[in-house]
Amino acid sequence: MSEGSKITLLQMQKYFEGQMRKIRIISDLELSENDYRSLGAKLKALRFFTGSESDIEDYMLSIVVYCTYTLIYGDETDNFDDIMWMILDNSQYKERMHLEMYRDVFFSYGLDTFSDYMHDSVDLKLQCQMLTARHAGIPNSEKFEVFEMISDNLDCEDIFERYYDMYYTLPSRSKFIIGLFEDDMHEVILINMRDLIRDVMDGIVRRDELIAKYPRLSISIIDHCIMWNDINRHNIRFGLVGRGVS
């Protein structure tokens with residue numbers, strides 16, 4: 001998507017709906033910061049001028065997209081409540097209804113692939129926060145740095161032993177987002193990313209095979225890992241100093 005300020009909220013919503021079958025997580029949409037801010041302005045206008053609850057429900061996918069990208073582009077000091085209630089009404093009689101509508105978006109569009117890691121005891125608001133964080137994932141601007149960190153630990157079979165050391169040295173935005181995951185997902189994502197890096201560096205598994213082999217990883221993570229490895233190989237081949245992209 002481009003030139004977000006020149007298109008309507010309805011056009012944005014239709015675009016997002018059309019992309020749902022092509023992505024695994026919301027951040028696979030690769031929304032630019034300009035488009036994110038344009039979407040936010042339109043949704044905040046909807047918040048104040050909407051005529052009915054059906055209007056909110058009709059645009060709930062756009063609201064989920066906006067909240068997800070706020071974790072990527074927004075202020076790291078904002079908590080999930082701050083983000084969500086910028087758009088939605090959290091009055092006594094509407095908060096639970098809006099949270100249920102928000103959570104149901106992931107299931108309605110087949111984006112619930114992490115639901116088997118969601119404990120039944122987790123309250124509704126925390127479910128929404130965890131789902132949103134998973135769908136934000138690792139920002140594009142920090143992916144290469146995270147790959148470098150994990151690749152430095154490829155010799156460690158029990159990589160989770162080093163998880164906390166690695167977590168505290170993650171780039172700030174990735175640490176902020178991953179900190180919103182539930183604990184069970186930390187190990188799953190870390191091990192999957194380690195194994196992905198090994199496969200990509202071996203160079204014998206095609207992109208479509210990687211996508212099939214790693215259903216827990218976003219398409220963006222897989223594509224960026226391939227790109228990161230290609231750049232490293234280029235640098236090594238031509239004797240360039242350093243690895244990856246700064």
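The values are calculated or read from the model by the stated rules, or taken from the named source; none is laboratory data. Quick caveat: nothing in here was measured; it's all calculated off a predicted structure. Every residue, glycine among them, receives a Cβ derived from its backbone with ideal geometry; neighbour counts consider all protein chains shown. Just so you know, the surface numbers come from the protein's heavy atoms only, side chains and all, with ligands and any DNA or RNA stripped out. Shrake-Rupley method; radii C 1.70, N 1.55, O 1.52, S 1.80 Å.
Can you tell me which residue in the stretch 166-188 is farthest from the chain's Cα centre (by Cα), limited to those that are modelled with pLDDT of 85 or more and in a helix (DSSP H, G or I)?
Restricting to residues being modelled with pLDDT of 85 or more and in a helix (DSSP H, G or I), the top hit is Ser172.
Quick one: Ile159 ticks every box in (1) closer than 17 Å to Ile178 by Cβ; (2) modelled with pLDDT of 80 or more bar one, so which box is it?
Result: Ile159 passes all but (2).
For (1) modelled with pLDDT of 95 or more; (2) in contact with a helix residue (DSSP H, G or I) (Cβ under 6 Å, 6 or more places away or on another chain); (3) in a helix (DSSP H, G or I), each residue gets a yes or a no:
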{"residue": "Lys14", "(1), (2), (3)": "yes, no, yes"}
{"residue": "Lys42", "(1), (2), (3)": "no, yes, yes"}
{"residue": "Leu46", "(1), (2), (3)": "no, no, yes"}
{"residue": "Val65", "(1), (2), (3)": "yes, yes, yes"}
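So, in the stretch 195-216, exactly how many residues are part of a helix (DSSP H, G or I) and modelled with pLDDT under 90? Give the steps one after another, and end with the answer.
Initially, the stretch 195-216 is screened for residues part of a helix (DSSP H, G or I), giving 195-202, 207-213.
Of the ones still in play, those that are also modelled with pLDDT under 90 are none.
Here the count works out to 0.
Which count do you get for residues in the stretch 121-137 that are in a loop (DSSP other than H, G, I, E, B) and crowded, with 20+ Cβ neighbours inside 10 Å?
Count: 1.
Looking only at the stretch 138-147, decide whether some residue is polar (S, T, N, Q) and either in a helix (DSSP H, G or I) or open to solvent by less than 40 Å² (accessible area, probe 1.4 Å) (or both).
Our first condition is that a residue be polar (S, T, N, Q); within the stretch 138-147, this holds for 140-141.
Pick out the ones that are also either in a helix (DSSP H, G or I) or open to solvent by less than 40 Å² (accessible area, probe 1.4 Å) (or both) and you get 140-141.
Yes; the residues of the stretch 138-147 include at least one that is polar (S, T, N, Q) and either in a helix (DSSP H, G or I) or open to solvent by less than 40 Å² (accessible area, probe 1.4 Å) (or both).
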